[in-house]
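A short write-up of the structure that comes next.
Nothing in this text is a laboratory measurement; each read-out follows from the coordinates by a stated rule. Remember, predicted model here, so these are calculated numbers, not experimental data. Neighbour counts run over all protein chains shown; Cβ positions are idealised from the backbone, glycine included.
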Amino acid sequence: MLAEFGLKKMPFDKTISESDLMETYDMKEALARFEHLKRCRGIMLLTGDPGTGKTCILRRMVKNLNPQNYHHCYTPHATISRTELYRQLSILFNLPPRFFKTSLYQQIQHAIIDLGRNQGKIPCIILDECHLMDDATLEELVLLTNFEMDSQLPFILVLSGLHELREKLNRRRHEALNQRITFRYHMEGLTVDLWKADLFDRSTRTRRHGVALSWRWRSTTRCLRPPPDRN
């Protein structure tokens, strides 16, 4: 296939760099909210159907974080208990192991405060696949974001997941967490025109120098159709 279409690598594999990702409307809107979040800190909720590019946007978010000013932690491991959530965060912050939940909680909060006050870095915690979290673990996030008698939030928290996460947070049980969310964005996915543009852009980027893009490759854009109506 590479030789037939004059390509130097596959145009649609997961190794595409963050700088080569297409600037879609969803990406621009989500990143704009994230830039505001970096200035005021808080919680951002990013939701969307499978394949709409949520993880790609998370990659761009991380790339836009200056390592001298931010310390980011990312995990997609959401099917865990409340205590395991704290243990996972302790590992991501390179903290020593603790057995009791209270010790884990205090250790993480002290680490977050220390990063800001003594190292001049804002922690950015990104939790992916949050629609898989159980209700108890989601409720624990309320406690995790409580600093100085709930008078400040010295870090950034990004919650990402399928649209079920948005529905779950709208339940009365999670009202406390839902009202803490500073910014939220729901991704709609690509339109047909953007699909065509992305297909042509990626194939152009990956073709060998001096090789014209064949009509057979370009004509595949005609096969694109809108996504099926879910209603």
Legend entry - Phi to ³J(HN,Hα) by Karplus 6.51 cos²θ - 1.76 cosθ + 1.60 over the range 74-81, Hz, x for Gly, Pro: 10, 8, x, 7, 9, 8, 9, 7
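For each of 54, 63, 38, count neighbouring Cβ atoms within 10 Å of the residue's Cβ, then give the residues from fewest to most. Don't skip to the answer; put the middle values down first.
On the way: 54 22, 63 11, 38 19.
By the 10 Å Cβ count, ascending, the order reads 63, 38, 54.
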Inset, instruction - Name the residues whose placed amide hydrogens come within less than 5 Å of the amide hydrogen of residue 74, ignoring near sequence neighbours (fewer than 5 apart) on the same chain. - result: 126
Legend entry - Inter-centroid distance (Cα atoms) of the range 100-160 relative to the range 30-48, Å: 16
Inset, instruction - In whole Hz, with x marking every Gly and Pro, tabulate ³J(HN,Hα) for the range 100-111 from phi via Karplus 6.51 cos²θ - 1.76 cosθ + 1.60, θ = phi - 60°. - result: 7, 4, 4, 5, 5, 4, 5, 5, 5, 5, 5, 5
Legend entry - For residue 121, distant residues with modelled amide H under 5 Å away: 116
Inset, instruction - Arrange the following residues from fewest to most other Cβ atoms within 10 Å of their Cβ: 110, 72. - result: 110, 72
